[in-house]
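Student: Provided herewith is a single structure, encoded as structure tokens, for subsequent inquiry.
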Amino acid sequence: MTRKPAPAALPAPSSASVTAASRIRSLSGLAALLFPPALLVAKLLMLSTDRGGRCFVNDVSCAPFPVGAFGALLAALVVSFVVALAAPVRAGRVALAAQLTLEALAVLLVLAFP
């Protein structure tokens, strides 16, 4: 009678990688939670300028807001948020950095157009 060898057990994740993954998830969630208020504050700051106020009231010589570019930024931001939540630690760090960068670009885009 021949015995089959037992399958190799997967190594248990270390506590350092678990805490790093938890930290990445919480930072990503916090950044996603603070993103809409940041957009609102950026829009209010833009409208409080002279040019922004004139564009809002008179609608004269105002460049149209690039909705396509903003939509593409938001789509990429959602993808990076999901990857930061679901990926392992190494990919989660990259996804978190991408998420924060895309959020900053979206806020700057809102600041650039009244």
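The values are calculated or read from the model by the stated rules, or taken from the named source; none is laboratory data. What you see is a predicted model; the values in this text were computed from it and never measured. Cβ placement follows ideal geometry from the backbone for every residue including glycine, while neighbour counts extend to all protein chains displayed.
Student: Might you check whether a residue that is at pLDDT 90 or above and surrounded by 13 or more Cβ atoms within 10 Å (Cβ to Cβ) occurs anywhere in the stretch 52-65?
Tutor: No - not one qualifying residue is present in the stretch 52-65.
Student: Only one residue in 63, 104, 84, 75 is touching a residue at least 24 places away in the same chain (Cβ under 8 Å), of a type in the set (Gly, Ala, Ser) and in a helix (DSSP H, G or I), so which one is that?
Tutor: None of the others qualify; the one that does is 84.
Student: Can you tell me which residue within the stretch 19-49, out of those that are hydroxyl-bearing (Ser, Thr, Tyr) and free of Cβ contacts under 8 Å to residues at least 60 places away in the same chain, is nearest to residue 65 (Cα to Cα)?
Tutor: 48
Student: Does residue 35 qualify as being surrounded by 11 or more Cβ atoms within 10 Å (Cβ to Cβ) and at pLDDT 85 or above?
Tutor: Yes, satisfied.
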